[in-house]
Each structure stands twice: as structure tokens, then as C-alpha cells.
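Written below as C-alpha cells is the structure these notes are about.
The values are calculated or read from the model by the stated rules, or taken from the named source; none is laboratory data. Computed from a predicted model, the values in this text were never measured in an experiment. Here Cβ is always computed from backbone atoms with ideal geometry, including for glycine, and neighbour counts include all displayed protein chains. Ligands, DNA and RNA are stripped out before the accessible areas are found, and what is left, the full protein with its side chains, is counted by its heavy atoms. Shrake-Rupley method; radii C 1.70, N 1.55, O 1.52, S 1.80 Å.
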Amino acid sequence: MPRVLIVDDEPDLLDLMEITLTKMGLDTRCAASVADARRLLEEDRFDLCLTDMRLADGSGLDVLQYIGERHPAMPVAVVTAYGNTSNAVDALKAGAFDYLSKPVALDQLRTLVKTALKVPEKTGAAVESRLGELLGESAAMQEIRRQIDKLARTQAPVHISGESGSGKELAARRIHALGSRADRPFVPVNCGAIPESLMESEFFGYRKGAFTGAQADHEGFFQAASGGTLFLDEVADLPLAMQVKLLRAIQEKKVRRIGATQEEPVDVRIISATHQKLAQMVENGRFRQDLYYRLNVIELNMPSLRERPEDIPSLAQALLTRLSKGRAIRLDAEALSRLKRYAFPGNVRELENVIERALAMADGELIRADDLNLAPAPAFQPGENADAVPGNLQDYLDKVEREALLKALEQTRHNKTAAARLLGVTFRSLRYRLERLGIE
């Protein structure tokens, strides 16, 4: 029988939580102070700890720190005063599994406990096969995997930053697969690809008859991810009006479908990502500060491929093995050397495209440097040499514009309306530029 330690100096709340957990078939022990909690932790074994943040002789952070030092595998959830989000954020950053706000809602308490007691110890090849290819043995990637293993044991919101193609979604999937929600849905959402007029209905769903064309009830992303993880990719593209609605859904853990009169509870873990600088967008008034703090409780920064060139040979070989579909084909020494010297502005996604193209171009069982068809290094880079000038100004400007357009299209999955909004130009201007540069 799982055993739970409850730490609270309010007798009524302590009794309420103890009765609730006992009805769930759990063995409970109660403590009214930090000192009592430490004594019980020394005497017995527990599978979960629920602790109030304000205690007579200390705080829930003291209990959290004590458990983290002596029982690092034990999940700890904290109970905070209503509206005191800063305490909750501090606890999550310190390693808490999740938090509850007072007055404690019993349905949320039961959901939290069920989720916490399922936190798995996942190791071995069987688990690795489910995690996706977050490859590389560089120090940077080893640190990323270490951080992910730690993040998987909490329910704290995570914001993943990094350049396009650096593996942000793979990192999010790995956090999900290693956590207690692994057997529930992982729902990825590209926020930049949804028309603004459809955002509310896509996120929260709608009732039959809510508007013209609503012929049946429709689940939104929050309902689809119930019990699992909602991954908000390119969250910086959300318009301000939608940011307000998203903030409320995250804070209240409830959503209301369009056409409904009542809110419905939702249980999802939020992981967000963008290649843009959210903090800078907050300063510029383009992203709400309160939503930023809700999403960016813990940040995971994915390194670019040029920051870990030692991983390129193993990544290239892994991609070659997967894409060659059983063909015995390899890269020659010069091709590998060329790959390691290339800057890869598109990161791992660009490397995959290069390998796939080289497979189509290669003759025989060997890929040579010419088969890679890598773009030449630009003759001029801003900031590289203040006194240097490009050899041909128009060619240089066209190259910079082409790279910006392609990156915007890739980021929005070729949604031209979203790409125009991202670049701050009109749709007509974007279409003209694409035609001028011959971009399909």
C-alpha cells in the first residue's frame, strides 16, 4: 500500500486530506511541523509527501530540501495560499512535483496523488526505444539529457528555447515519455499555424450549435491532452487576446467550450517552446508578463548544432542508417569533414535534409563531399569584420532575405499567412518576395 506523508499545521485541512487519501486506499502519516516531518521521514518510508508552504517552524521548502537530499526519488507536492503563485513557482523550481492552491479542491488533490504515485523509474533500452532520437555524446547533449531526466519527475511547466531545428519537440517528447503521464496523450500544437479566428475553438472546443457549422460537440487541444502533455510549439506566435485565455486556463485548470455555460476541469502538463526570445518580447509588449512567468517556470535551452560539432558524425550516421532503408552506404572522410565545418543554420533538421538529398544524388555505396551540395559559406557576415564589405551587395541582400523567408516558412510549416505575420510584412509583400526570389 502506497504511503503518504501529509505536513500541515491546520488541523481541519490535515484531517480533510487524510480522510480523502484514506478513502483512496492509501496509508497516511501526518505531521504538524518541519521537525515532525523530519522525524517521520527518518523512521519510515514514504512514496509521496504533501506539505503546506507555511509551517510554524519553517516552510514547505525546508521539507522539500530535506527530502531532496535524503530521498531524491520521492515526489513532493506543496500546498500554497490562494493567489500566491510566487511560492508555487519557487517550489517547482526547487524540485516540487506539483502544487495545490487553497482552498484545496478534492478532485484536484485526488488527480495529483494518482499522477504522483505513478512516477516511474524508467531505465534501459526498452524505454530508450520510446524516446525519439535525441542523439549526441557531447557534453552539451549529456547535460540536456540529465536535465530532462530531472524535469520528467515533476509537473512543473517547462519552456524549451533554442533555434529552429535544434530538437525542441524531441526534448518535449522525451520529458513526457519519462514522466508519470507517459501512458497518456502527447498533443503537439503549432501556435503559429492556427488562424486567429479559430484559436479559441481549437484550444478549448465547442458545443453543438455554438455557431454556424458547429454540427456536433468538438474537443479542443486541452481535452485531447487530458491526463497527458500539451506541447505549445512556437508559443510566441499567440496573439495577445489568446494569451489572456490561455493564462486563465493554466491558472484555473479549467476551460469553457464555446457555447457552454459551465467550465470543465482539465488535467494537462504544459510544455512550451519557441525560437524567439520571450523575455525580450515581454519588454516590447508583445507577450504577457504573467503568462511568461507561468510558462517559464523552468527553462531548457537546446544547443545549436554548431555548438556541438563533435556530434555531427554520429548524427549523420544515424540519419544515414534510418534514411537508407537497409542500403549499405556510408560517408567518405572528406564528406564528414565538410559536414563538421558547415555552420548548419537549420540545425539537425537541415542535417537530415542534407543527408536525404545526398542519398538521392550518390552513385554506388559511398557519399562524397560533392553529393552533399552544401551551401557555400557567405562571403560577408555582419559583425564578423566591421571594415569588410560584401563583394556584391544585391547578392548578399538576396541571400539574407532568402534565409529569413525560408526560416519563417519552415517555422510555420509553410503557412504563408503565419509567416507574413512572423516577419511583420503583409501577405501581398510576402508573396511578391517569394516570387522574386523563385521560392516555391
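Among all positions in the stretch 30-41, there is at least one residue which is within 23 Å of residue 107 (Cβ to Cβ) and over 31 Å from the mean Cα position of the chain (by Cα). Looking at the stretch 1-120, the strands (runs of 3 or more DSSP E) lying wholly inside it that each contain 1 or more residues that are without any contact (Cβ under 8 Å) to a residue 40 or more places away in the chain and crowded, with 18+ Cβ neighbours inside 10 Å sit at 27-31, 76-80, 98-101. It is to be established whether one or more residues within the stretch 285-294 are open to solvent by less than 60 Å² (accessible area, probe 1.4 Å) and touching a strand residue (DSSP E or B) at 6+ places or on another chain (Cβ under 7 Å). No, the stretch 285-294 contains no residue that is open to solvent by less than 60 Å² (accessible area, probe 1.4 Å) and touching a strand residue (DSSP E or B) at 6+ places or on another chain (Cβ under 7 Å).
Checked against (1) touching a residue at least 12 places away in the same chain (Cβ under 8 Å); (2) in contact with a helix residue (DSSP H, G or I) (Cβ under 8 Å, 6 or more places away or on another chain); (3) among the charged types (D, E, K, R); (4) closer than 24 Å to residue 111 by Cα, residue 263 passes all but condition (1). Reported count of residues in the stretch 359-377, each being out of contact with any strand residue (DSSP E or B) (no Cβ under 9 Å at 6 or more places or on another chain), outside any helix (DSSP H, G or I) and either open to solvent by 80 Å² or more (accessible area, probe 1.4 Å) or under 14 Å from residue 312 (Cβ atoms) (or both), is 5. For the stretch 208-218, the criterion of being among the basic types (Lys, Arg), touching a Lys or Arg at 6+ places or on another chain (Cβ under 9 Å) and more than 27 Å from residue 421 (Cα to Cα) is met by no residue. With respect to (1) under 21 Å from residue 251 (Cβ atoms); (2) out of contact with any Ser or Thr (no Cβ under 9 Å at 6 or more places or on another chain), the lone exception for residue 23 is condition (1).
Within the stretch 326-358, the set of residues being in contact with a strand residue (DSSP E or B) (Cβ under 7 Å, 6 or more places away or on another chain) and open to solvent by less than 40 Å² (accessible area, probe 1.4 Å) comprises 329, 331, 332, 335, 358.
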